[in-house]
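**Q** Below is one structure. I have some questions about it.
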Amino acid sequence: MAAVFKVNWGRVAIYIGALTLMYALSIQMEALRVLMAPVAVLVAFLVAGEFIAAIRRKNEAFVTRLLGVTLAALFAPSGWNLPAAMIALGGGMAFIAPRLESHSRFIRGAGLLIGLYGISRLPPLAAVGSVFSYAGLFLFLGYSVAELGERYPWTEPVERNLLGLGALGAILGLYVAVRGSLSESHPELVFYGEWLVLLLGVIAAGSMVYSYISEKDPEAYLLSQWRKHEAKTVEKLGPELSEAMEAVEDFVVRGKKGPLVAFIAYYGSRLFDDRKRFEALVEKIADYRARQTSRLTPLWIRHAYERRELERRIKIVEEVFDELRTLMGWES
């Protein structure tokens, strides 16, 4: 039981020590007393998060800490407390969403909406707050549609253009800001603001058109990147698994999961004594989702994303086959 439940007592001691120090300082300095409540709330949730993490519930531990940060920001004695709390909550939701098993895209979109709306409420950004709120709304709508991707193939273009949707929302929000608050506070700048919005719209549309015209099949590029890693990966697979190379290439280069999952299932059918570990191997491949890029993304940046995704798939393959070799008894 001790091996399963292992609390990081050093971190817990730091949290409690920080709270004790704050209490001691607040006795001497009256100005710090208003910080005691948010600090106490933060420490309580951070400590609770450590105990939850000790039972191997990482996502729940993260959510607990996130709630602590959000509530601490909400209780802070400042006019910025609500926007700060929304930024913390939204940012945390967007960060943890990819780790979740279900509704990850919807939660990520909701997190971006909350976080960007919080940014729009910051006093220094009041004049252009609609830029962030509209961007958040468009991203939320895009991620909500992308959540249907597995059931409706027509959502794939939306998922590929999430960045473009956010940019479109930001441009529309900028126009609203120009015609609204800016026209009241600085009417002499409205003309320039409208031209800026028009210029940004033309740049966005031009980027999309250029991307469509100049886009090439990425397979040739990805194959060239795969060849740089192929020899090292083949060596790691060993002779026993060399017949899987075609399935590995399909997954690494083209993102096709079926052949590799079928190959692992063939070998895994012999592993009746350790089904959970085998199922975990299959899930690493089956649950993989490539990060999509927008039509607004320049080709050189898109290549960087594609290369990063290829390296990510190679890493998944190496981890899966290392574990498979161990399960099959080919390694000591």
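Just so it is clear, none of the values below were taken in a lab; they were calculated from the coordinates. Keep in mind that what you see is a predicted model, and the values were worked out from it rather than measured. We place every Cβ from the backbone using ideal geometry, glycine too, and count neighbours over all the protein chains shown.
**Q** On a 21 Å Cα-Cα criterion, which of the cross-link pairs K58/K256; K6/K58; K284/K315; K6/K315 come out too long? Each step should come with its number before you reach the end.
**A** Values: K58/K256 29 Å; K6/K58 13 Å; K284/K315 11 Å; K6/K315 29 Å.
The pairs that break the limit, which is 21 Å between Cα atoms, are K58/K256; K6/K315.
**Q** Moving to a separate point now. When only DSSP loop residues count, what chymotrypsin sites (Phe, Trp or Tyr not before Pro) in the stretch 1-98 have their Cβ near at most 15 other Cβ atoms within 10 Å? Please list the in-between numbers first.
**A** Working: sites: F5, W9, Y15, Y23, F45, F51, F62, F75, W80, F95; in loops: F5, W80.
Of the chymotrypsin sites (Phe, Trp or Tyr not before Pro), the ones in loops of the stretch 1-98 whose Cβ has at most 15 other Cβ atoms within 10 Å are F5, W80.
**Q** Per 10 Å bin from zero, what fraction in whole % of the C-alpha pairs of the stretch 1-124 is there, up to the bin with the longest pair?
**A** 14, 33, 33, 17, 3, 0
**Q** For the stretch 12-100, run through the trypsin sites (Lys or Arg not before Pro) and keep only the ones in DSSP coil with at most 14 other Cβ atoms within 10 Å of their Cβ. Present the calculation step by step, with values, prior to reporting the outcome.
**A** Details: sites: R33, R56, R57, K58, R65, R99; in loops: R56, R57.
Those satisfying the criteria are R56, R57.
**Q** To continue, here is another question. Quote the FRET efficiency, to the nearest 0.05, computed for N59 versus L25 with a Förster distance R0 of 56 Å and r equal to the Cβ-Cβ distance.
**A** On the way: r = 35 Å, r/R0 = 0.62.
My answer for the efficiency is 0.95.
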